[in-house]
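Student: Mind looking over this structure? Questions follow.
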């Protein structure tokens with residue numbers, strides 16, 4: 001038997017379920033990767049995620065050949081199956097609506113075998129006692145941990161057989177460079193390490209510090225593994241196995257993996273949430289329209305140092321610290337009262353670790369429209385957040401260098417940064433740094449009243 005292993009969100013050889021199953025069933029397995037034209041047509045030609053994928057594929061090809069193509073998988077997979085004379089195509093499951101529709105079309109043309117790999121438990125595996133899907137994280141987490149204790153095999157390693165991987169010539173032209181399909185290496189945002197195993201290994205010494213340091217963006221003691229989970233350069237199984245080997249289980253850090261599974265379960269069980277408010281009480285709630293405010297938020301020119309630092313970090317690196325993500329999301333959806341989907345889309349454009357289910361769930365959490373979301377009356381105050389989580393202003397000074405001469409005390413009370421003080425340090429508000437685009441107190445009151453009134457009308 002011959003088979004195609006279709007590599008997608010699983011850019012690794014080790015602990016790859018679809019690959020292992022293909023090697024188990026077939027004598028010859030042809031690894032294939034397709035740059036999907038339907039996804040890429042919406043991206044800038046130097047998109048950093050495309051460069052990341054291509055560099056990762058180059059690294060993987062040092063060990064085994066990968067047949068790389070560009071086109072529409074719906075027509076290309078059956079065509080390649082015919083050219084390679086295979087009996088079946090093996091791939092790991094993808095849960096986004098586009099991917100589900102794509103795979104359903106392909107299954108009509110050829111045998112497409114899919115496997116659970118991207119998450120630990122599928123959406124229908126973690127359920128309440130009455131057989132319904134969880135909508136609240138804490139009981140979901142408890143059941144997730146119980147399931148893992150009952151099913152330790154869920155994180156066992158899937159081993160493939162290297163000798164069965166093979167190379168075959170094809171009539172369809174194979175890709176050798178980004179330029180072959182109209183792209184070029186990233187220029188705007190630097191390329192990051194594509195080796196998830198190495199990143200995780202280097203972080204392990206810090207994993208027990210995570211609980212105490214995770215909220216301080218200047219310390220940056222987070223793992224940066226989200227991008228590697230998103231592209232599958234390391235399996236979540238491998239990470240969970242290693243965590244359970246430690247003398248003390250880092251539960252706070254493990255919770256991030258469980259949150260990820262939780263958001264995927266929401267997507268699988270409540271697919272409408274991909275485009276609409278999960279909490280239907282807020283469906284069709286009106287949002288403000290303010291193009292200038294949105295532009296200022298995107299560019300990091302709001303006049304609030306922690307907001308601007310976060311947005312500039314995102315624009316320059318494709319990354320933003322998680323605490324800061326919550327602050328900028330609250331600011332957009334509460335203080336500016338702009339639609340959460342605007343922020344979701346912008347993060348989707350910029351984040352290396354953009355993962356639809358997680359990005360959507362996080363934005364709906366921040367905007368109080370999602371499952372287990374923060375209550376609408378909780379509005380993050382960007383100034384008090386500076387006091388708590390960037391007390392020395394290290395994060396702000398790094399990303400907003402025009403404020404380097406401004407004493408840190410003003411970052412949590414910019415209204416006290418008088419004209420006299422501005423002249424004294426040589427930083428003039430409105431000239432060297434933007435004026436605040438909103439009044440925090442007034443917009444907080446406005447947001448709470450807006451949510452409260454709409455809730456009352458729809459209760």
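Student: On full extension of the chain, what length is gained from residue 392 through residue 292, given 0.36 nm per residue of separation minus the C-alpha to C-alpha distance?
Tutor: Working it through step by step, the gained length comes to 32.9 nm.
Student: Continuing with the same structure: P(r) tail for the range 1-118, what percent of Cα pairs lie past 24 Å?
Tutor: Value for the range 1-118 (Cα pairs over 24 Å): 21 percent.
Student: Would you give the gap between the C-alpha center of the range 419-443 and the C-alpha center of the range 14-78, rounded to a whole Å?
Tutor: A separation of 50 Å, based on Cα centres.
Student: Mind pulling the angle between the C-alpha long axis of helix 251-269 and the longest principal axis of the chain? Nearest 10 degrees, somewhere in 0 to 90.
Tutor: Its long axis makes an angle of about 70 degrees.
Student: Compute the long axis of helix 73-84 from its Cα atoms, compare it with the longest principal axis of the Cα atoms of the chain, and write down the angle in degrees, 0 to 90, nearest 10.
Tutor: Orientation of helix 73-84: about 30 degrees from the principal axis.
Student: Here is a further query. Based on the mean of other beta carbon atoms within 10 Å per residue, what is the order of 27-34, 419-426, most packed first?
Tutor: The packing order, highest mean first, is 27-34, 419-426.
Student: Determine, from the Cβ-Cβ distance of residue 245 and residue 423 and an R0 of 56 Å, the FRET efficiency 1/(1 + (r/R0)^6), rounded to the nearest 0.05.
Tutor: E(calc), rounded to 0.05, equals 0.40.
Student: Next question. For 257, 327, which order do you get if you count the other beta carbons within 10 Å of each Cβ and list the fewest first?
Tutor: Ranking 257, 327 by Cβ neighbours within 10 Å, fewest first, gives 257, 327.
Student: At 20 °C and 1.002 mPa s, grab the translational diffusion coefficient of the range 281-458 from Stokes-Einstein with a Kirkwood Rh over Cα pairs, rounded to a whole number in µm² per second.
Tutor: Once the numbers are plugged in, D ends up at 129 µm²/s.
Student: Relative to the first principal axis of the alpha-carbon coordinates of the chain, what is the inclination of helix 97-107, with its axis defined by its Cα atoms, in degrees from 0 to 90 and to the nearest 10?
Tutor: Approximately 10 degrees, to the nearest 10.
Student: Mind jotting down the distance between the C-alpha centroids of the range 150-173 and the range 245-269, whole Å?
Tutor: Cα centres, the range 245-269 to the range 150-173: 25 Å.
Student: Below 8 Å between Cα atoms, with a sequence gap of 6+, how large is the relative contact order for the chain in percent?
Tutor: For the chain, the relative contact order is 16 percent.
Student: What distance in nm separates the two pseudo spin-label positions at residue 42 and residue 202, each 7 Å out from Cα along the beta-carbon direction?
Tutor: 3.1
Student: Where both partners of a DSSP beta bridge lie in the chain, what percent of those bridges are antiparallel, to the nearest 5?
Tutor: Given both bridge residues lie in the chain, the antiparallel proportion sits at roughly 5 percent.
Student: Over 21 Å apart: what share of the alpha carbon pairs of the range 234-304 falls there, rounded to a whole percent?
Tutor: Here the long-distance tail beyond 21 Å is 60 percent of all Cα pairs in the range 234-304.
Student: Let me ask something additional. So how do 135, 14 line up by other beta-carbon neighbours within 10 Å, fewest first?
Tutor: 14, 135
Student: Going by how many other beta carbons lie within 10 Å of each one, how would you line up 235, 276, 412, fewest first?
Tutor: 276, 412, 235
The numbers here are math on the coordinates, done by the rules we state, and not lab data. These figures come from a predicted structure and were not determined experimentally. Cβ coordinates were reconstructed from backbone atoms using ideal geometry, including for glycine residues, and neighbour counts include every protein chain displayed.
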